[in-house]
Structures are given as structure tokens and as C-alpha cells.
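Have a look at the structure below, then the notes.
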Amino acid sequence: MTLSDVVYVCLGLGALGAAVLPRVVSRRPLTLPMVFLAAGVLIELLPVGVPAVDPVRERL
């Protein structure tokens, strides 16, 4: 599986979740921003490194 495959799977799952999520949380004491905030926190906790960005580095 290549990196582009993983990106497409994540985008597809995000689109599917955005379509299904309103029905799932409609009868619960949750709002969509609360669900997306919790999902962001869970994604941040994944052991995936984020590349360091150097804003001073020159472009080639």
C-alpha cells in the first residue's frame, strides 16, 4: 500500500463519516463539532511523525 492509497482511504472514510455522522449523533447529547474535535484529538495521539517545517529555508 502506497502513501497515496492511505491518503485516499482516509479521505474516503472522512467523506463517509461526514455523510453518516449526523444520523448517528442526532439522538445523542453530542454535536458534530464535539465529535470532530474528539476525532482530531484521537488522530493527534497516533504515533505518526509530522515533518518539521523550516520557514526560513530558501526555495530552489
(message) Restricting to segment 1-33, and then to whatever is open to solvent by 80 Å² or more (accessible area, probe 1.4 Å) and of a type in the set (D, E, K, R), can you tell me which residue is modelled with the highest pLDDT?
(response) R23
(message) Checking G49 against (1) modelled with pLDDT under 85; (2) open to solvent by less than 90 Å² (accessible area, probe 1.4 Å); (3) in a helix (DSSP H, G or I); (4) not basic (K, R): exactly one of these is not met. Which one?
(response) (3)
(request) Kindly provide the set of residues from segment 1-45 that are polar (S, T, N, Q) and in a helix (DSSP H, G or I), ordered by number. (result) S4
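The values are calculated or read from the model by the stated rules, or taken from the named source; none is laboratory data. Quick caveat, the model's predicted, so the values are computed rather than measured. Ligands, DNA and RNA are stripped out before the accessible areas are found, and what is left, the full protein with its side chains, is counted by its heavy atoms. Shrake-Rupley method; radii C 1.70, N 1.55, O 1.52, S 1.80 Å.
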